[in-house]
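The values are calculated or read from the model by the stated rules, or taken from the named source; none is laboratory data. If you're wondering where the values come from, they're calculated on a predicted model, not measured in any experiment. Cβ placement follows ideal geometry from the backbone for every residue including glycine, while neighbour counts extend to all protein chains displayed. Surface accessibility is based on the protein's heavy atoms, side chains included, excluding ligands, DNA and RNA. Shrake-Rupley method; radii C 1.70, N 1.55, O 1.52, S 1.80 Å.
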Amino acid sequence: MNISLTPELEQFVESTVKNGRYSSASEVVRAALQLLKEREISVVLNPVSSEGKQKSSYDFSDLVGRLTWQGDAVTMQRNLRDEW
């Protein structure tokens, strides 16, 4: 797959790799897509009404005790990254 970036985004990706935060441009794009995916999930779980106000009538009490975090965040991020 090939993607086209604006010059500004291309410069951002290159500088992010250059400063050592990521090892490749592909890794930067995967991380960005993962954030976009998480944001999309957040929008589904926390929809905004047509007036621009977040709906607060959702009850997630049925999830209490069922969601747990296992492992450390860095390892989880790398595993998700490597699955792409």
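Brief remarks on what is shown
- For region 3-44, residues that are of a type in the set (S, T, N, Q) and open to solvent by 100 Å² or more (accessible area, probe 1.4 Å) total 3.
- Single residue of region 4-61 satisfying the filter (within 22 Å of ARG81 (Cα to Cα) and of a type in the set (Lys, Arg)) that is modelled with the highest pLDDT: LYS18
- On the stretch given as region 18-37, residues that are free of Cβ contacts under 8 Å to residues at least 24 places away in the same chain and under 21 Å from THR75 (Cβ atoms) total 10.
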